[in-house]
1. Please tell me which of these pairs span more than 30 angstrom C-alpha to C-alpha: A:K20/B:K58; A:K172/B:K84; A:K55/A:K120; A:K55/A:K128; A:K40/A:K128; A:K100/B:K90?
2. Among all the aspartates and glutamates, which ones have a C-alpha under 13 Å from A:K203's C-alpha, if same-chain residues fewer than 8 places away are not counted?
3. If you count, for every residue in B:49-58, the Cβ atoms of partner chains within 10 Å of its Cβ, what is the mean?
4. With a ≥ b ≥ c taken as the square roots of the eigenvalues of the C-alpha gyration tensor of the protein assembly as shown, please select rounded if a/c is under 1.5 and otherwise prolate if a/b is larger than b/c or oblate if it is not?
5. With contacts defined as alpha carbon pairs under 8 Å and 6 or more residues apart, what's the relative contact order of chain A in percent?
6. Using modelled backbone amide H atoms (1.01 Å from N, in-plane), which distant-in-sequence or interchain residues come within less than 5 Å of B:F106's amide H?
7. Run through the stretch A:108-190 and list the trypsin sites (Lys or Arg not before Pro) located in a DSSP loop whose Cβ has at most 11 other Cβ atoms within 10 Å.
8. Evaluate peptide A:38-49: per residue, the Cβ atoms of other protein chains within 10 Å of its Cβ; return the mean as an integer.
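Read the figures in this text as sums done on the coordinates, not as results from a lab. Everything numeric in this text was worked out from a predicted model, so none of it was measured. Here Cβ is always computed from backbone atoms with ideal geometry, including for glycine, and neighbour counts include all displayed protein chains.
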Amino acid sequence: MIVADQKPIEEILEILAPYKRVLFLGCQSCVAVCMAGGEKEVGLLAAAVRLARAKSGAPIEIAEGAAKRQCDDEFNEPFGPVIQQQEAVLSLACGVGVNKLAERFAIPILPALNTRFFGKVERQGIWKEVCAGCGDCILHLTGGICPIARCAKNLLNGPCGGVRADGTCEVKRDWPCAWVQIIQRLEELGQLERLLSTRMAAKDWSSDRHGGPRRRVREDMLLEA
Amino acid sequence: MNNGFESKIVAFCCHYCAFAAADLAGVLRLKYPPDLRIIRLPCTGKLDTLFLLKAFEKGADGVLVAGCLEGSCHFISGNLRAKKRVLAVKNLLERLGIEKERLEFFNLSSAQGERFAQIAREMTERIAKLGPLRSSGRCPYDRG
Ligand code: SF4
Ligand code: SF4
């Protein structure tokens, strides 16, 4: 899922300062699961902001809502009439949701979150990055453990010389070395030989963000001829 | 004691300790200020951060949460979790420009009727010193 953090409340208050009528619109997908921008967080943030604004003598009227998936127009459409009555929308979705709303509605769309990474739940309250969206996946070679996202140096032929005796990363002390994990996993799968007998080829990073903004086209799915 | 206003203090009390202690305080005919509004929870572990913020939003000047003594929670760790949530909201209140002392977490057992009365006095005095949360009294959003 996409993992995000709520911005510091001070920053959110500053972003909202010019507005008196705002819709707080959450998203019920990834950011709800990572407890940053779902319906629940909309309620909490709205209550907090109302309290702060009332206390500072500049009250604000907040409408609350949460789209099933803010990155698709069809789920935002039902909020259209409410949005028309606002001075701005504070989006608690990931950056995609914010971009999407901004494309569709002609009023300021403000971000409440800092969108961070593609991650997994480690346990309740902890999320870890596991894929960096490089666009050319090599997980079949690495036992399902991604060295691009999980090795601090994005090494393709690890581990580096700095790996600690206890299997933690040289750079991130409390982080297991991704390459130690990969080797252990391949050993379990009986596939270590395969890794040792090949050298991972230099990666073509043009499919990553380094190649500029990305776009996906599926000709067979296009509706127009 | 009340500094010229009768404060509104919402007390979220665990059924197994603080709520029973409040009951005991009554049975013992102990006197404590009438500012408290008690809301019974099955366990403070049921406490939702939104309850705390909503209480303030709807006009409370102070909020207290009272759970079992540490190690004695009927549901093992509900009171420890609640305490963490209260600490998080205290931190948030401060950043919102609201005195964090308006919110407090207490531990007590069902046998401590006197302690309950004392907590009620302590909290009422504290809120009296801080004054009302809103000078206008009524929350501008409270249309109900
Ligand atoms: S190799 Fe690329 S696509 Fe595959 S998990 Fe790693 S970053 Fe993601
Ligand atoms: S110790 Fe392991 S995870 Fe850390 S930088 Fe070196 S190879 Fe990568």
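1. A:K55/A:K120; A:K55/A:K128; A:K100/B:K90
2. Within the straight-line cut-off, A:K203 pairs with A:D136.
3. 4
4. In terms of gyration-tensor shape, oblate.
5. The value is 17 percent.
6. B:V65, B:A66, B:G67
7. Counting only loop positions with at most 11 other Cβ atoms within 10 Å, the trypsin sites (Lys or Arg not before Pro) in the stretch A:108-190 are A:R173.
8. 4
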